[in-house]
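Reviewing the structure listed below.
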C-alpha cells in the first residue's frame, strides 16, 4: 500500500470513530441511562482521543511544504491547546453541577457540550482537511509570516506543556505515594486521584505537542520521538491507574456492603432491592465511564435556597449575637409520590476543618439534587465555624455570617436548632420525621457522627428535636478525635463520637479514601460498632483516593459510593 492510500485509511478510521463518539454523546445527553454499554462508549471516546493525536502528529510530519500543510500544523497546535482547556472545562462544569436558574444550567450544559463535542469535531475537521483539500504552494511573501507565527506558537506551547508534564508527574506521585508538602500538595491529594482521567488526557495532549514540535530533519529524530513518547505514556498511564482499578474496588465494596448488611435483610439485601418495585430508580451499575465525562443529567427537584433558620440575636448564648445561619432545601418532585425515598430526611453537613466551607457548592449540590429526585427531603445546612486561623481560609474564605469563637459544642447546638426548626416546619416541607439520615464529610463527617448518635441516644432532647428517628448515618472520612484548642473545651462524646456508640446505635455507611490520613478514624468507627456486636457498619475504602475524593460527583469514587448509598438509604428508610 502506498503512502497516499495509508493516509486515506488512517484518516477515514479517525473520522468514523469521531463521528461514532459524537453520536454517543448526543444519544447519552438525549436519553441518559445507566447501561453497561456506556462503559464501552467511554473507552471508545478515550481511544478516539488517542488516535486523533497520533493521526494529527503523523500527518503533520509527512506533509510537504505547501500552504495547506502550514495551515494544518498551526491548526494542530490549536487543537492540542483546546483539548487541554476542554478537559479542564468538562471537569469544572461537572464539578459545579446544575442548580436552580435556567441561565446557570444552560451555561453548565453549554460548557459540557462544547468541551465534549469540541475535542471530537475539531480533529475530525482537521483530518478531513488534510485528506480532502488540494495542495497549494506557499507564496514567498507568506512563508516568513506563517513561519514566525508557527515558531511563536511552538515556543509558547512547549513552555506551557513542560509545566503540564510536571503537573502530570506530581499527579502520579500523589497517586502512587503518600508524600505531602504544604497547601499545594494538599489540593493535589484531593483532586489527583478522582480526576486522574483528565490529568491523564491532559498529559497526553502535552506529549503530543512536544512530539509535534520535533524537527524531522534533525539528527536523533527517532530517539527524541521515542523518549518523549515513552515519558508521556508513563505519565498518562499512571494517571489512569484509579480508573483501571475501578472493577476491583467495586468487587471489594460489594463484599463489604454485603457482609455488613446481609444479616439484617434475610441474608440477601439485593433481593430486597429487586423486590422493592423501585429498582428502576436506582443506578444499574456502580460506574460508567461516559457519565464521568458528561455527567448524569440534571436531576429534577424543588429547590429553596438561603432559608434562615437561626438568628443569633435571639439566642440565649451571647457568642451567637452576630450569627445568621441558613439552609438550602432540595425537595422531591410531585411531593415525593411513588419515589423510593418516601420523603425521608437527609441532613447534609459540609466540611472544612470547622473553620471554612459552606453549604451549596461546598457540599456537592448535585448529590443533593440527585437524592431529592429519588424522593428524599435534603437539607444542606450552615453551622457556626470557629475563627481559628486556617491556611485554607485564604483560598476558600467562609461566609462572615457564620464565624465566631465557636467550639464543637456550639456547632452541634446549631445543628440541634435546625432539627427544632424542621420539626416546627415539618408540614411545610412535607418531611417524614420518623425517617432521618445525617451525612457529611471530614469535619462535617465528625459532626455527622456526633449529631446522629446523640439524637439516636435520646439523651440530648434539650438540644435536638425529640420527634426525629435516626435511621442511619453516612460519614465521609470523618475527622473524629480532634485535638485542636476549640475542641478541648467541648463535650468529649461530641469530639470523639465513638463514646456515643452502643448496641442500639443506628447503622452506618462510611466513605474513605485509602490515602487519606483519616482512614484510621474511619476504621476505628467501624471497629467500635463491631466490638459492640453490631455488624451493620460498612467501610467502603477507595484505592488511591485522598481526602475529599468524592467531591467530583461524576467521578469513579463517588459513582461507586452513590450506588451503595442509595441502596443503604432505601434499605433502612
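Listed by Cβ neighbour count within 10 Å, with the fewest neighbours leading, 171, 318 appear as 318, 171. With axes computed from alpha carbons, what is the tilt in degrees of helix 182-191 against the longest principal axis of the chain, rounded to the nearest 10 within 0 to 90? It is inclined by approximately 90 degrees.
Packing-based ranking of 41-50, 430-439 yields 430-439, 41-50, ordered from highest to lowest mean Cβ neighbour count within 10 Å. Give the shape of segment 296-572 as rounded, prolate or oblate, defined through the alpha-carbon gyration tensor: a ≥ b ≥ c are the square roots of its eigenvalues, a/c under 1.5 means rounded, and otherwise the shape is prolate if a/b is larger than b/c and oblate if not. It comes out rounded by the Cα gyration axes.
Based on DSSP H segments of at least four residues, each scored -39500 (n - 2.57), the chain has a per-residue ellipticity at 222 nm of -18000 deg cm²/dmol.
With each label modelled as a point 7 angstrom along the Cα→C-beta vector, the residue 114-residue 129 pair spans 1.9 nm. Relative to the current alpha-carbon distance between residue 255 and residue 230, full extension at 0.36 nm per residue lengthens the span by 5.2 nm.
The slack between residue 105 and residue 9, meaning 0.36 nm per residue of separation minus the straight C-alpha distance, is 30.5 nm. DSSP assigns beta bridges within segment 296-572; of those with both partners inside it, close to 30 percent run antiparallel. Helix 443-457 versus the longest principal axis of the chain: what angle, 0 to 90°, nearest 10, using Cα atoms? Relative to the chain, helix 443-457 is tipped by roughly 30 degrees. Neighbour counting of Cβ atoms within 10 Å sorts the residues 283, 201, 173, fewest neighbours leading, into 173, 283, 201.
Annotation: extensible slack from residue 531 through residue 481 equals 16.2 nm (criterion: 0.36 nm per residue apart, minus Cα-Cα distance).
According to the square roots a ≥ b ≥ c of the eigenvalues of the Cα gyration tensor, what is the shape class of segment 205-348, taking rounded for a/c under 1.5, prolate for a/b larger than b/c otherwise, and oblate for the remainder? Taking the square roots of the gyration eigenvalues as a ≥ b ≥ c, segment 205-348 is oblate. Between 0 and 90 degrees, rounded to the nearest ten: what's the tilt of helix 246-261 against the longest Cα principal axis of the chain? For helix 246-261, the angle is close to 10 degrees.
Once the convex hull of all Cα atoms in the chain is built, its volume per residue stands at 166 Å³. Determine, from the Cβ-Cβ distance of residue 433 and residue 163 and an R0 of 51 Å, the FRET efficiency 1/(1 + (r/R0)^6), rounded to the nearest 0.05. Calculated transfer efficiency: 0.40. Residue exposure proxy: 491, 4, ordered by other Cβ atoms within 10 angstrom of their Cβ from fewest to most, comes out as 4, 491. Peptide packing for 554-560, 244-250 was compared via the average number of neighbouring C-beta atoms within 10 Å per residue; ordered from the highest value, the list is 554-560, 244-250.
All of the numbers you see were taken from the coordinates with simple rules; none came from a lab. The structure presented is a predicted model; accordingly, all values stated were derived computationally and were not measured. Note that we place each Cβ from the backbone using ideal geometry, even for glycine, and neighbour counts take in every protein chain shown.
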